[in-house]
Amino acid sequence: MSDANAGRLLEHGTEVPFSEIEAALGRDGVQEGKRASSLALTATVVVVGPPERLSDAAEALTQLTDIAIRAILISYGDRATPVVRVWEHAVALEGLTPHYLNNAVAALRLSSLPTLVWWRGGPPELLDGLADLADRLVLDAEKPVPVWARVSALAERAATSDLRWTRLTRWRALMAHFWDIPEVRAAAPGFNRLRIEGSDLYAARLYAAWLASTLKWTPAALEVHEKPGGAAIECVELGDGEQGLKLRTASSSTCIETAARVHGHAGEVSRIVSLGDQGLCALIGEELRIRSRDLAFERAVAAVGGLE
Amino acid sequence: MSSVVYDSVRMPANPLQDGLRLEPTPGPTTLVIFGATGDLTRRKLLPAVYRLFRSQRLPARFSIIGAAREDRGDDWFRTQLRGSLSEFAGVKEEDDVARSLTERMYFVGGDFADGAVYRRLAGRLQEIDSAGGVLFYLAIPPSAYATVIEQLGASGLAASPSPAAWRRVIVEKPFGTDLDSARELNKLVHKHFAEDQVFRIDHYLGKETVQNLMVFRFANGMFEPIWNRRYIDHIQITAAETVGVERRAAYYEGAGALRDMVQNHLMQLLSLVAMEPPIAFTAESVRDRKLDALLSVQPLQDDSAPDGPQVVRAQYGAGWVTGEEVPAYRSEPDVNPASTTETFVALKFHIDSWRWAGVPFYIRTGKRLPKRTTEIAIQFRRPPLQIFKRVTAASVAPNLLIINVQPDEGISVRFEAKLPGTRMQLAPVMMSFRYGTSFGGSVPEAYETLLLDAMIGDPTLFARHDFVEASWALITPVHERWRQAAPEQIPVYESGEWGPAEAHALMTRDGRRWRTL
C-alpha cells in the first residue's frame, strides 16, 4: 500500500460488493489515469481482531512502504455480510461475524502468495481454522495466555510466533553475544538470579522462559517487576550477586547498554547498541521476513507455565 | 551471507545462538586496519563497521585498531570515525552507539617496514583481547602489501594460536598487475598465511543481486533447464560509470579499465553466470565451479583473427555527462597528456563447454558513459518458427532476462504480449522484480556483508588464489599485445556516449547489438 492513501483505508476505501473484490482491486490499481506501481507482491497479510485493535494495525501496514504486501483487515461484529472496502492491494471487511472468519480468509487469500495471519485477539478457538489457511500465524493478543496454550498444536500446522517474541529479538541476541565470551561461559553455571523489569510482564516471562528452556536451567530467584508506561522490557540482570550480565535501555530508549562483569582477563565488557525500531510496522516487517518454524519460540512458550 | 563455517570458530557451541533471528555474529574479534588514514577506511570501512555495530551484528567483545605510517594516536582515530560517519553514513551528531564504538578504537602508527610497529601492535592486541580473533585489513596501496605481509609473518601475528584466536587477512584489489605479479603475491601470502586465512575482497561479490544470482539459478527449477546454448543466444555484461578518473589518476594510469574492472569484477560476474551448479552451497564447492567456468574461457585472439578483434579499447574525450561538460581523459589532472590508458573496453569471450559452446559473452565497461549502471542481460533465442509474421509487420523481440546489479538491484524479464484490440498486434512487456519494492529493511552495503563474512570465516564471496590467477591468465596476454603495439593514440569516444564505434562493430559483425541502457 502506498502511504498517501492506504493509511485511511478504513475510512476512505472504495465500498464494493464482496464478489467484486479482485476486479475492484484491479480498477483501484489504475486511479486518475496513473498506472499502478510495479510491485512483486511478497505476501498476503490478514489482520484479524476487534475493531478497536485494527486501526493501529492498518496504520502499521500503511507504513510498510518498502515491503510489497496484499493486506486484508477483518474486524469482528455480527454481520454475515460485512462492509467491504478496497484500496490498491488492500481489502477491509468490517463487522464480520466470527463464525465466517475462516470462510472470508479462504476466499481472499491467494494460493500464489504466502499468507500471514496477524491475530490481534478474539475467540482463541478460531485460530484452529486459521492455522489451516495460513502459512504463518503471528499472535498479538492483549492477554496472550489462552492463545499460548494452543501454540504447540497450532505450530504443527502453521509456523507460529508472537509479536511479544518479536520485541525480544534484540534482547535475546545481546544475551547470546555474552555467551561467546569465554569468561562469561565459565561463570555462567553459577548464575542463579534473574531479574527483569518492564511494562509487559508477559514479555518478561517469555524472556525468562527462553533463557530457562535454552540453557535447560531454572533460576533460583526470578524477579519480574512491572514498570508501567515504559518499554516492554527495560532491564535484564542475570548473575550470582558478584558476577553478572546486565542489559538495560539507555536514556534515549532507542539503545541498549550491555555490561558484563566476570572474573578473568578482559572480563569487563560494555557497549551500547541500537534497540532497533520497536514500532508495530517494524515488528510485523520482521515477521514478514521469516518463513520457517520458530522452535525457540515454541520451547519458550511451553516453558512459561513452568516459571509461574 | 551463509554460515557454513562460523561454528567451527565458536567453541563450544553457544546454546543461546540457537534459533536467533539476527544473523550469526562472529566470536570476539579485533579488526586491524592498515591504512587507517586512507580514503577507503573513511568512506567505506568505518561506516560499515558502525552499521554492523549498531545493528548488533558484531560481538560483545569487539575492537578496532587503526594502523598507519603517521603516528596520530587513539583520539585522532576516534575523531576520524565521527567525521566519517557524518560525511558518509548520515550520522550528523554522534549518537550513543558511535560513542560506544569510539571507546573500542585504538591507533598504532609507524613505518610499516619497521618491526617495532608490529611489536606495539602485538602489545595492543594482548591488552585488548588475547583470546579473540584478529582480522587484518590491508587498505593500503598494493606496493605496500609485501612489506606488511612479510612483517605480519615475521612478528608471529599471522599465526592463529587457537581456533578461537584465529588470524585472517583481507587483501584489497588489485591483487597483482599481471599473471606473474599475482603469482608472486600469492606465493608471498601463502608463505605466512594458509589459504583459508586469506580473503581477497571484491566488493561486487557483496552486492545482493550478485548473491541472488546463485539463488536465482540454483533455487529455482524453471531457469536452469534453459540456461544453456540451446536456448540462450548471447550474454551481455555491462558495467558503466558516469564518473571520470577523478582522484585516482596515479593508480588508473597504470591500470586502465581492463585491469581495474574486467580482471576482477566482471570476471566474477561472468563466472557466476557461466558456472555449473555446485554440489552444495559451501565456499569450496561454489568457488570450484566458478574456477571451472573461468578455465573454460578461451584465450582472447589478437586483432588479426579471421572473425575480427575480440577486444576493443578506447579512451574518453571531452563531452557532456549528467548535465555538465567534462574534459577529455588526457586533460584530467595528473594524467599524462599523451596517455594511451584505456577508459573503455569491450570484449567477446567464448566458453568451451557443453553448456556454452557457441554462446558469446560480450562484456563492456567504461568511464564517462551516459549513465551509471551494471547489469547482466541474457538474450534468449527467438522462437524457432515465426508464426505471427503474417499478421504483424514488426519482428518478434527475443526474450530477455536482465539482472540489475546496480543501482536499482533487481531482475526483469521481457516477453511478448498481445496488444489489446481486435487485431493481432504484439508488443514486448517487462515483468520486474526490485529489491527496493519487494523486501523491507535496508539492503546492507557490500562492505558490511564482506567484513562480517571474513570475521565469521566464510570465504564464499571472496576470490580464491587460483581464480585470481586464472583471471590474470586471460587478461595478461591482451595487455602484453597492447604494450608491444604501443600506439600513439587509441580510439576516442565522446564523454556521454556508449563507447567508440569499434565497440558497436564488435557486436554488429555478429549480427547483434549492444543494449541501449
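The values are calculated or read from the model by the stated rules, or taken from the named source; none is laboratory data. Fair warning: this is a prediction, and the values are worked out from it, not measured in the lab. So basically every Cβ, Gly included, is an ideal-geometry build from the backbone, and we count neighbours across all protein chains shown. Accessible surface areas use protein heavy atoms only, side chains included; no ligands, DNA or RNA. Shrake-Rupley method; radii C 1.70, N 1.55, O 1.52, S 1.80 Å.
Tell me yes or no: at least one residue of the stretch B:137-147 is in contact (Cβ under 8 Å) with a residue 12 or more places away in the chain and either farther than 21 Å from B:N186 by Cα or polar (S, T, N, Q) (or both). Scanning the stretch B:137-147, I find at least one residue that is in contact (Cβ under 8 Å) with a residue 12 or more places away in the chain and either farther than 21 Å from B:N186 by Cα or polar (S, T, N, Q) (or both), so the answer is yes.
Kindly indicate which of A:D200, A:D277 is open to solvent by 10 Å² or more (accessible area, probe 1.4 Å), under 20 Å from the mean Cα position of the chain (by Cα) and in contact (Cβ under 8 Å) with a residue 24 or more places away in the chain.
On the way: A:D277 fails: in contact (Cβ under 8 Å) with a residue 24 or more places away in the chain.
So the residue among A:D200, A:D277 that is open to solvent by 10 Å² or more (accessible area, probe 1.4 Å), under 20 Å from the mean Cα position of the chain (by Cα) and in contact (Cβ under 8 Å) with a residue 24 or more places away in the chain is A:D200.
Once the stretch A:178-187 is narrowed to residues that are in a helix (DSSP H, G or I) and in contact (Cβ under 8 Å) with a residue 12 or more places away in the chain, the residue that is farthest from the other protein chains (Cβ to nearest Cβ) is A:A187.
Does the stretch A:226-235 contain at least one residue that is open to solvent by 70 Å² or more (accessible area, probe 1.4 Å), touching a helix residue (DSSP H, G or I) at 6+ places or on another chain (Cβ under 8 Å) and either within 14 Å of chain B (Cβ to nearest Cβ) or part of a strand (DSSP E or B) (or both)? Within the stretch A:226-235, one or more residues are open to solvent by 70 Å² or more (accessible area, probe 1.4 Å), touching a helix residue (DSSP H, G or I) at 6+ places or on another chain (Cβ under 8 Å) and either within 14 Å of chain B (Cβ to nearest Cβ) or part of a strand (DSSP E or B) (or both). Does the stretch B:385-405 contain at least one residue that is in contact with a helix residue (DSSP H, G or I) (Cβ under 7 Å, 6 or more places away or on another chain), touching a residue at least 24 places away in the same chain (Cβ under 8 Å) and surrounded by fewer than 22 Cβ atoms within 10 Å (Cβ to Cβ)? Within the stretch B:385-405, one or more residues are in contact with a helix residue (DSSP H, G or I) (Cβ under 7 Å, 6 or more places away or on another chain), touching a residue at least 24 places away in the same chain (Cβ under 8 Å) and surrounded by fewer than 22 Cβ atoms within 10 Å (Cβ to Cβ).
Please go through the stretch B:222-240 and give me each residue that is surrounded by fewer than 18 Cβ atoms within 10 Å (Cβ to Cβ), over 21 Å from B:D352 (Cα atoms) and either modelled with pLDDT of 95 or more or touching a Phe, Trp or Tyr at 6+ places or on another chain (Cβ under 6 Å) (or both), ordered by number. Selection gives nothing. Looking only at residues in the stretch B:292-335 that are open to solvent by less than 60 Å² (accessible area, probe 1.4 Å) and part of a helix (DSSP H, G or I), the one that is farthest from B:E246 (Cα to Cα) is B:A293.
Residues that are open to solvent by 40 Å² or more (accessible area, probe 1.4 Å) and at pLDDT below 95 within the stretch B:353-380 comprise B:P370, B:K371, B:R372, listed in sequence order.
Condition check ((1) surrounded by 21 or more Cβ atoms within 10 Å (Cβ to Cβ); (2) at pLDDT below 90) across all residues:
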residue	(1), (2)
B:D7	no, yes
B:M11	no, yes
B:R42	no, no
B:R61	yes, no
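The residue that is farthest from the other protein chains (Cβ to nearest Cβ), among those in the stretch A:259-274 that are at pLDDT 90 or above and surrounded by fewer than 20 Cβ atoms within 10 Å (Cβ to Cβ), is A:R261. The single residue among B:G110, B:G38 that is surrounded by fewer than 22 Cβ atoms within 10 Å (Cβ to Cβ), more than 14 Å from every other protein chain (Cβ to nearest Cβ) and touching a residue at least 60 places away in the same chain (Cβ under 8 Å) turns out to be B:G38.
Taken as a whole, the structure places B:A377 among residues that are small (G, A, S), assigned to a strand (DSSP E or B) and in contact with a strand residue (DSSP E or B) (Cβ under 9 Å, 6 or more places away or on another chain).
Does A:R205 satisfy the condition of being in contact with a helix residue (DSSP H, G or I) (Cβ under 6 Å, 6 or more places away or on another chain) and open to solvent by 60 Å² or more (accessible area, probe 1.4 Å)? Judged against the criteria, A:R205 is a match. Annotation: of all residues in the stretch B:134-145 being farther than 10 Å from B:V171 by Cα and modelled with pLDDT of 95 or more, the one that is surrounded by the most Cβ atoms within 10 Å (Cβ to Cβ) is B:V134.
One residue is enough: does the stretch B:214-221 have a residue meeting the conditions of a type in the set (K, R), in contact with a Leu (Cβ under 9 Å, 6 or more places away or on another chain) and buried (at least 19 other Cβ atoms within 10 Å of the Cβ)?
Taking the stretch B:214-221 and keeping what is of a type in the set (K, R), we get B:217.
Narrowing the set further to residues that are in contact with a Leu (Cβ under 9 Å, 6 or more places away or on another chain) leaves B:217.
Cutting the leftovers down to buried (at least 19 other Cβ atoms within 10 Å of the Cβ) gives us none.
Scanning the stretch B:214-221, I find no residue that is of a type in the set (K, R), in contact with a Leu (Cβ under 9 Å, 6 or more places away or on another chain) and buried (at least 19 other Cβ atoms within 10 Å of the Cβ), so the answer is no.
If the Cβ limit is 7 Å and pairs must be 6+ apart or interchain, which residue in the stretch B:261-289 that is under 23 Å from B:I378 (Cβ atoms) pairs with which residue that is assigned to a loop (DSSP other than H, G, I, E, B) and of a type in the set (A, V, I, L, M, F, W, C)? Close Cβ pairs (under 7 Å, with a partner that is assigned to a loop (DSSP other than H, G, I, E, B) and of a type in the set (A, V, I, L, M, F, W, C)) amount to B:A274/B:W356; B:R289/B:M275.
With the requirement that a residue be within 22 Å of the chain's Cα centre (by Cα) and either assigned to a loop (DSSP other than H, G, I, E, B) or of a type in the set (D, E) (or both), what does the stretch B:336-345 give you? First the steps, then the outcome.
Quick first cut of the stretch B:336-345, residues within 22 Å of the chain's Cα centre (by Cα) only: B:341-345.
Matches in the stretch B:336-345: B:T341, B:E342, B:T343.
Taken over the stretch A:280-295, the criterion of being open to solvent by less than 10 Å² (accessible area, probe 1.4 Å) and more than 11 Å from every other protein chain (Cβ to nearest Cβ) is satisfied by A:L283 alone. Within the stretch A:115-140, being assigned to a loop (DSSP other than H, G, I, E, B), surrounded by 21 or more Cβ atoms within 10 Å (Cβ to Cβ) and touching a helix residue (DSSP H, G or I) at 6+ places or on another chain (Cβ under 6 Å) holds for A:R120, A:D140. Would you call B:E172 within 18 Å of B:L461 (Cβ to Cβ) and surrounded by fewer than 17 Cβ atoms within 10 Å (Cβ to Cβ)? Judged against the criteria, B:E172 is not a match.
Within the stretch B:346-362, the set of residues being part of a strand (DSSP E or B) and of a type in the set (A, V, I, L, M) comprises B:A346, B:L347, B:I351.
Answer yes or no: is there a residue in the stretch A:27-38 that is at pLDDT 90 or above and open to solvent by less than 30 Å² (accessible area, probe 1.4 Å). It would help to see each step written out before you state the result.
The initial filter retains those residues of the stretch A:27-38 that are at pLDDT 90 or above, namely none.
There is no residue in the stretch A:27-38 that is at pLDDT 90 or above and open to solvent by less than 30 Å² (accessible area, probe 1.4 Å).
Which of (1) of a type outside the set (A, V, I, L, M, F, W, C); (2) closer than 25 Å to B:A13 by Cβ; (3) open to solvent by 60 Å² or more (accessible area, probe 1.4 Å); (4) at the interface with chain B (Cβ under 10 Å from one of its Cβ atoms) does A:E298 not meet, given it meets every other one? Every condition holds for A:E298 apart from (3).
If the condition is being surrounded by fewer than 21 Cβ atoms within 10 Å (Cβ to Cβ) and away from chain B (no Cβ under 14 Å), then the stretch A:66-90 contributes A:G77, A:D78, A:R79, A:A80, A:T81, A:P82, A:V83.
Assess whether A:R170 counts as being open to solvent by 10 Å² or more (accessible area, probe 1.4 Å), assigned to a helix (DSSP H, G or I) and at the interface with chain B (Cβ under 7 Å from one of its Cβ atoms).
Values: open to solvent by 10 Å² or more (accessible area, probe 1.4 Å): yes; assigned to a helix (DSSP H, G or I): yes; at the interface with chain B (Cβ under 7 Å from one of its Cβ atoms): yes.
When the stated conditions are applied, A:R170 passes them.
Applying the condition of being open to solvent by less than 10 Å² (accessible area, probe 1.4 Å) and assigned to a helix (DSSP H, G or I) to the stretch A:40-65 and asking which residue is modelled with the lowest pLDDT yields A:T62. Hand me the list of helices (runs of 4 or more DSSP H) wholly inside the stretch B:425-517 holding 1 or more residues that are open to solvent by 20 Å² or more (accessible area, probe 1.4 Å) and either of a type in the set (K, R) or without any contact (Cβ under 8 Å) to a residue 12 or more places away in the chain (or both). In the stretch B:425-517, B:435-438, B:465-485, B:501-508 are the helices (runs of 4 or more DSSP H) which contain 1 or more residues that are open to solvent by 20 Å² or more (accessible area, probe 1.4 Å) and either of a type in the set (K, R) or without any contact (Cβ under 8 Å) to a residue 12 or more places away in the chain (or both).
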